[in-house]
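Asks: Here it is, the structure in full.
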Amino acid sequence: MNVAIEESWKERLSGEFEKEYFQRLVSFVKEEYRRGKVYPPGSNIFRAFDVCPFDKVKVVILGQDPYHEPRQAHGLSFSVQDGVPYPPSLINIFKEIESDLGKPVPESGDLTRWAEQGVLVLNATLTVRAHQAGSHQNKGWEEFTDAVIHRLAEEREHLVFILWGSYAQRKGAFIDTSKHLVLKSAHPSPLSAFRGFFGNKHFSKANEYLVAHGIEPIDW
């Protein structure tokens, strides 16, 4: 199956595209886009990969589901396009960066600037029906994104995996911590941020690890 995804990822994931689950997933997603409103726009489904090629990845931030309201989702987890009000989790992420690194809250919630530096901002599920959170879960996306994480963890070294919340932590439970840095805390959602997200210092810890291994840090 010919999937419109960045070439380095296509090369490593080509085996997934031929599997039965992925072909069922593609049929489901195409039908969903045909029948109604689905986010993100079809051209942005694989945007996290298109902006951050396999060999450029330094950090992986794992989200769960795309935003399901208009103008929000554009293919990067937690990120919103310019001019869109920041969702609560993103506000808390920026608050933690301000506390951790002293950087003021940015004027843009578009995290493309992170992706271009090597941050794979990846949702476990890459599409969602408008106004229906979780509507595309358990259709095959999770199996695909598991394969992505496995491939990175096995083929690369000295990556930083940032796992916020129990869902992300279960998904990344297999990662070899002798080969990569795995940072875990509560999710930045207002429901849980005060139970360990605030004060986790994940952004400075990620950069310290990268620098220690001779890798350019991220300008968060």
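The values are calculated or read from the model by the stated rules, or taken from the named source; none is laboratory data. Treat the numbers as computed from the prediction; the structure is a model and nothing was measured. Positions of Cβ are generated from backbone atoms using ideal geometry, with glycine treated the same way; all protein chains shown enter the neighbour counts. Quick note on the areas: whole protein, heavy atoms, side chains included, nothing else; ligands and nucleic acids left out. Shrake-Rupley method; radii C 1.70, N 1.55, O 1.52, S 1.80 Å.
Asks: Pairs only if they're at least six apart or on different chains, beta carbon under 7 angstrom, first in segment 103-124 and in contact (Cβ under 8 Å) with a residue 24 or more places away in the chain, second hydroxyl-bearing (Ser, Thr, Tyr) and crowded, with 22+ Cβ neighbours inside 10 Å; list them, first residue then second.
Replies: Listed pairs, sorted by first residue: Gly109/Ser79; Asp110/Ser79; Leu111/Ser79; Val121/Ser77; Val121/Ser79; Leu122/Ser77; Asn123/Ser77.
Asks: In the list Leu126, Leu90, which residue meets the criterion of being modelled with pLDDT of 95 or more, more than 20 Å from Ala4 (Cβ to Cβ) and either open to solvent by less than 30 Å² (accessible area, probe 1.4 Å) or of a type in the set (Phe, Trp, Tyr) (or both)? Before the answer, list the steps.
Replies: Values: Leu126 fails: more than 20 Å from Ala4 (Cβ to Cβ).
Of the residues listed, the single one that is modelled with pLDDT of 95 or more, more than 20 Å from Ala4 (Cβ to Cβ) and either open to solvent by less than 30 Å² (accessible area, probe 1.4 Å) or of a type in the set (Phe, Trp, Tyr) (or both) is Leu90.
Asks: Count, please, the residues in segment 170-186 that happen to be of a type in the set (D, E, K, R) and outside any helix (DSSP H, G or I). Can you show your working first?
Replies: Taking segment 170-186 and keeping what is of a type in the set (D, E, K, R), we get 170-171, 176, 179, 184.
Among the residues that remain, those that are also outside any helix (DSSP H, G or I) are: 176, 179, 184.
Counting residues in segment 170-186 that are of a type in the set (D, E, K, R) and outside any helix (DSSP H, G or I) gives 3.
Asks: What is the number of the single condition among (1) touching a residue at least 40 places away in the same chain (Cβ under 8 Å); (2) in contact with a Pro (Cβ under 7 Å, 6 or more places away or on another chain); (3) not in a loop (DSSP other than H, G, I, E, B) that Ile97 does not meet?
Replies: For Ile97, the failing item is (2).
To keep it simple, each residue is scored yes or no on (1) assigned to a loop (DSSP other than H, G, I, E, B); (2) of a type outside the set (Phe, Trp, Tyr); (3) surrounded by 18 or more Cβ atoms within 10 Å (Cβ to Cβ).
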{"site": "Ala168", "(1), (2), (3)": "no, yes, yes"}
{"site": "Pro188", "(1), (2), (3)": "yes, yes, yes"}
{"site": "Phe197", "(1), (2), (3)": "yes, no, yes"}
{"site": "Phe203", "(1), (2), (3)": "no, no, yes"}
